[in-house]
2 protein chains.
Amino acid sequence: MPQIVMYPIGKIYSPYKKSKDIPIQGRFKDDVEAFIEVKKKYIKGLKDLDKFSHCIVIYYFHKSNKITIKGKPFLEDETHGIFAIRSPHRPNHIGFSVVKIQRIEGNKLYFTQVDMIDRTPLLDIKPYVKYFDSREDVVSGWLDKHFQNGEISDKTIIK
Amino acid sequence: MPQIVMYPIGKIYSPYKKSKDIPIQGRFKDDVEAFIEVKKKYIKGLKDLDKFSHCIVIYYFHKSNKITIKGKPFLEDETHGIFAIRSPHRPNHIGFSVVKIQRIEGNKLYFTQVDMIDRTPLLDIKPYVKYFDSREDVVSGWLDKHFQNGEISDKTIIK
C-alpha cells in the first residue's frame, strides 16, 4: 500500500507546554482553555460548527519520534497492545480528542477539555454527533478499574 | 508547516462495495459485519483490545479525490462548512468511525456498526474509552432535527 501525504490545516495552541503538564483530568476540565488556529483558506470550513457543543479534533503527535507495538499506558504498569492504549508512540502518530467548543472567532476555535500540548499540528476537525459517536453499554477494558465510582486519578497523562 | 507522511497499517474489508451502498443506519446495524486486517507486523498491537466493547477506527477516504471547504451533507440540501459535516471530501481525507468489536482472530478484527466501503486503507485503531469519548448534554447542530424522537432516516449516506 502506497504512502499517504497529509498537510497540517492549522495548529493547536495550548497552555500545556510539555507532555508532563497535561493532567488526566484535563479531559474533564472546563476552566482550561486552548484554541485551534486554522489556516486562513479554511475559515469557511468552520461555518455552522459553532452550533455544535463538541467537536472531534484529529492531530499529529509531533513530539513522538518512535513507534512501539506494545506499551505501558499512563495509569498502570501493565503492557498492552498499542491499539488498546492511547499512547502517542503509535503507527502514524495520529491523536484524537473530543473537546468542548466555547466559541469561534474568525479562524480561531476556542475550546476546553484540553489534552494536547502546545503547537500540535492539526489534521482535521469533525462535528461530534451524539447519534454516531456516543455509545451506551461500553466496556473499556483495562481502563474500567481505574475509573470506578466515577473517580478520576490526579496523575499526569505522560503522553 | 511541512508535510506528514503516513502508511496504511492494514485494510478494511466491508460488504459495502460502493459509497451509495452504505445506509445511514449502517452505524446502528449489528447484523452487518466487516473486518480489519492489520499487517502481520502489527498483530501484537491488538493485545487486550478484545477486552473493549468498541473501538475507534481512523482511515483514509481513498475514493475521494477532491477537497471542498463547504459542502452539502447526506440528509439535507443545506450547505455547511466541511468541519461541520462528515463528508469525505475534506482536507487530508481522514475518516473516523466508532464500531462494535465482535472478535479478534490473529491479525483480523471483526466488527459491526459498519460505515466504510470495501478495501478502505486503515490508519489507526484506538480503544473507545467511555470516560474520554462519550459525552452527555451534546448539541449536534444541524443534525439534531433529523434525529428527532430517536428516528433514523433510511436514506443512504452517499459519502
Selection from segment A:22-43 of residues that are at pLDDT 95 or above and either in a helix (DSSP H, G or I) or not small (Gly, Ala, Ser) (or both): A:33, A:35, A:36, A:37, A:38, A:39, A:40, A:41, A:42, A:43
Segment A:1-14, residues that are modelled with pLDDT of 95 or more and surrounded by 13 or more Cβ atoms within 10 Å (Cβ to Cβ): A:4, A:6, A:7, A:8, A:9, A:10, A:11, A:12, A:13, A:14
Hits in segment B:36-52 (condition: at negative phi and buried (at least 18 other Cβ atoms within 10 Å of the Cβ)): B:36, B:38, B:42, B:45, B:46, B:47, B:49, B:52
Only one of B:67, B:82 that is closer than 22 Å to residue A:92 by Cα and modelled with pLDDT of 95 or more: B:67
Boolean, residue A:81 is on the phi > 0 side of the Ramachandran plot and of a type outside the set (A, V, I, L, M): no
Cross-chain or 6+ apart pairs with Cβ under 9 Å, segment A:73-86 first and more than 9 Å from chain B (Cβ to nearest Cβ), then aromatic (Phe, Trp, Tyr): A:73/A:142; A:75/A:142; A:76/A:142
Some residue of segment B:48-58 being within 19 Å of residue B:11 (Cβ to Cβ), without any contact (Cβ under 8 Å) to a residue 40 or more places away in the chain and over 18 Å from the mean Cα position of the chain (by Cα): no
Matching entry among A:63, A:70 (being within 11 Å of chain B (Cβ to nearest Cβ) and under 30 Å from residue A:2 (Cβ atoms)): A:70
Of all residues making up segment A:101-123, the number that are part of a strand (DSSP E or B), among the hydrophobic types (A, V, I, L, M, F, W, C) and either within 11 Å of the chain's Cα centre (by Cα) or more than 20 Å from residue A:87 (Cβ to Cβ) (or both): 5
Filter pass, residue A:58 being within 7 Å of another protein chain (Cβ to nearest Cβ) and in contact with a strand residue (DSSP E or B) (Cβ under 7 Å, 6 or more places away or on another chain): yes
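The values are calculated or read from the model by the stated rules, or taken from the named source; none is laboratory data. No experiment lies behind these values; they were computed from the predicted model shown. Don't worry about glycine lacking a Cβ; one is built from the backbone with ideal geometry, like all the others, and counts go over all protein chains shown.
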